[in-house]
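Beneath this line is the structure, given in structure tokens, with notes to follow.
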């Protein structure tokens, strides 16, 4: 394979897959077969990079890696355009079935047991089978929803939510490493406003943005407007993203949101999402913030913000 000269770090950066996932997809599923140097270093061709990129798109859309890993590249191209199915009898999982997946059930069991090893293993399997975007959409997002529901119902405590956030934060930090360090990448500041203590949603936003090539400045939970705005100004952020989860009736929130908008540069976009977002819709409309419906909508907004025409119109 004469053009196989790209190392795994380059492939990870270009495909959006972690080196760990690339190796697993090779060994376990035979997705690609890189050549090896005399020192056993993997080298990949342009065609293999394309295959891995297509597989990332397809698994991110809901397909499992197993049935599609060895399909011809042309078939993968058609699938990425939505013009073909992976194989006879194998179709994308319906969104309604996401809550019943074994991975999600295993993740919830690990959270209830406060078992960090089990939760990490579930996340690793999810990343391997689904890719990072699929992991976010089909495992971590519904897991966060399930944790929030269980907490409200009194099935688990706040300690379980903090435990899950800590494990997921570390895992996503490693998973997003291939996208860090690009000096020209636009900056997004991610946080929850003062009084919003649940940060799983913010972690999802940060990981999704990193997966799209943004440089993420993650501030964590319950930050005053002045501190969020200060970080955004210092880093010349193109956007600030807020996660609003709980509570849904904080009388101070409107003032915080308005204050944040006043302190931010006019060209810095303000995004807000989360299950508590509808409760603060009027306040968000006053600030001109983009109201994010879900991760797919977030990705679309972030892509728009990177377009020169969109930035010049601000």
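The values are calculated or read from the model by the stated rules, or taken from the named source; none is laboratory data. Just so we're clear, the structure is a prediction, and the values are computed from it rather than from any experiment. No Cβ is skipped: glycine too gets one built from the backbone with ideal geometry, and neighbour counts run over all protein chains shown.
Annotations
- Residues that are at pLDDT below 90 and surrounded by fewer than 15 Cβ atoms within 10 Å (Cβ to Cβ) were ranked within the range 21-35; the one that is farthest from residue 123 (Cα to Cα) is 27.
- Wholly enclosed helices (runs of 4 or more DSSP H) of the range 105-197 bearing at least 2 residues within 13 Å of the chain's Cα centre (by Cα) and more than 30 Å from residue 253 (Cα to Cα): 116-135, 158-175
Residues checked against (1) closer than 23 Å to residue 33 by Cα; (2) in contact with a helix residue (DSSP H, G or I) (Cβ under 6 Å, 6 or more places away or on another chain); (3) at pLDDT 85 or above:
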| site | (1), (2), (3) |
| --- | --- |
| 54 | yes, yes, yes |
| 76 | yes, yes, yes |
| 90 | no, yes, no |
| 102 | no, no, yes |
| 118 | no, yes, yes |
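- Among the numbered conditions (1) surrounded by fewer than 22 Cβ atoms within 10 Å (Cβ to Cβ); (2) in a loop (DSSP other than H, G, I, E, B), the only one that residue 237 does not meet is (1).
- Residue within the range 196-203 that is crowded, with 21+ Cβ neighbours inside 10 Å, within 24 Å of residue 19 (Cα to Cα), assigned by TED's automatic domain parsing to the domain that holds residue 237 and touching a strand residue (DSSP E or B) at 6+ places or on another chain (Cβ under 9 Å) present: yes
- Those residues of the range 154-175 which are buried (at least 20 other Cβ atoms within 10 Å of the Cβ) and under 13 Å from residue 127 (Cβ atoms), in sequence order: 168, 171, 172, 175
- Boolean, residue 279 is more than 18 Å from the chain's Cα centre (by Cα), at pLDDT below 95, surrounded by fewer than 20 Cβ atoms within 10 Å (Cβ to Cβ) and outside the structural domain of residue 158 (by TED's automatic domain parsing): yes
- Residue tally, condition surrounded by 14 or more Cβ atoms within 10 Å (Cβ to Cβ) and under 17 Å from residue 268 (Cα atoms), over the range 220-232: 7
- Look at (1) within 23 Å of residue 147 (Cα to Cα); (2) touching a residue at least 40 places away in the same chain (Cβ under 8 Å); (3) part of a helix (DSSP H, G or I) and you find that residue 256 fails only one, number (1).
- Residue 208 being modelled with pLDDT of 95 or more, in contact with a helix residue (DSSP H, G or I) (Cβ under 8 Å, 6 or more places away or on another chain) and either assigned to a helix (DSSP H, G or I) or not assigned by TED's automatic domain parsing to the domain that holds residue 136 (or both): no
- Residues in the range 208-243 that are touching a residue at least 40 places away in the same chain (Cβ under 8 Å) and touching a strand residue (DSSP E or B) at 6+ places or on another chain (Cβ under 8 Å): 14 in all.
- Meets criteria (more than 29 Å from residue 138 (Cα to Cα) and modelled with pLDDT of 95 or more) for residue 314: no
- Residues satisfying the stated conditions in the range 36-51, i.e. within 29 Å of residue 215 (Cβ to Cβ) and loosely packed, with under 14 Cβ neighbours inside 10 Å: 41, 46
Yes/no per residue for (1) assigned by TED's automatic domain parsing to the domain that holds residue 219; (2) at pLDDT below 90; (3) under 25 Å from residue 247 (Cβ atoms); (4) out of contact with any strand residue (DSSP E or B) (no Cβ under 9 Å at 6 or more places or on another chain):
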site: 131; (1), (2), (3), (4): no, yes, no, yes
site: 134; (1), (2), (3), (4): no, yes, no, yes
site: 143; (1), (2), (3), (4): no, no, yes, yes
site: 151; (1), (2), (3), (4): no, yes, yes, yes
site: 154; (1), (2), (3), (4): no, yes, yes, yes
site: 158; (1), (2), (3), (4): no, yes, yes, yes
site: 164; (1), (2), (3), (4): no, no, yes, yes
site: 169; (1), (2), (3), (4): no, no, yes, no
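- Evaluating residue 296 against the criteria (1) loosely packed, with under 15 Cβ neighbours inside 10 Å; (2) farther than 30 Å from residue 134 by Cβ leaves one unmet condition, (2).
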